[in-house]
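Visitor: Mind having a look at this structure? Questions to follow.
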C-alpha cells in the first residue's frame, strides 16, 4: 500500500484558490497531458464525458487564470501557462494527482468557499453521465 504524503501548502493554496472544482482540474490535467496540441472543445467534452457547455466553461475559466490559451474563435484550446511559476505549479499538481488523487480531490471538496458553484458543477457532471 502506498504511503500517503501531505500536499505542500503552496500547492494546496493553488488548488483551493485557483482550481476550486473537480471539472476544472480534469480539464486542466487533460490539456497538460496533451501539451503538444490544441484540442477542440468537443474533444475535451467527449474525452471527459462532459457536456460541451461544461467543457467550454472550464476552458474559459482556465484561460482567465492564464493556464490555457484559445484560438481566436475559441473553438480550440491548448495548455499554455502565462509564466514559469504557473507551469511549475501545474507540473507538480499533475505529478501529485497521479500519486494522490484522493488527497487532491479532498482538498477541492473540503474547501468552504464557493460551495454553490461546486454543487452546480457536480449536478452538470451527473447529468452528463446519464
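The values are calculated or read from the model by the stated rules, or taken from the named source; none is laboratory data. Owing to the predicted nature of the structure, the values given are computational and were not obtained by experimental measurement. FYI the Cβ positions are ideal-geometry reconstructions off the backbone, even for glycines, and counts take in every protein chain you see.
Visitor: Return the pair list, or none, for Cβ contacts closer than 7 Å from residues in the stretch 40-64 that are at positive phi to residues that are modelled with pLDDT under 95 and in a helix (DSSP H, G or I), at least 6 apart or on different chains.
Guide: Close Cβ pairs satisfying both conditions: 49/128.
Visitor: Looking only at the stretch 76-101, which residues are touching a helix residue (DSSP H, G or I) at 6+ places or on another chain (Cβ under 7 Å) and either more than 13 Å from residue 29 (Cα to Cα) or without any contact (Cβ under 8 Å) to a residue 60 or more places away in the chain (or both)?
Guide: Result: 77, 78, 79, 81.
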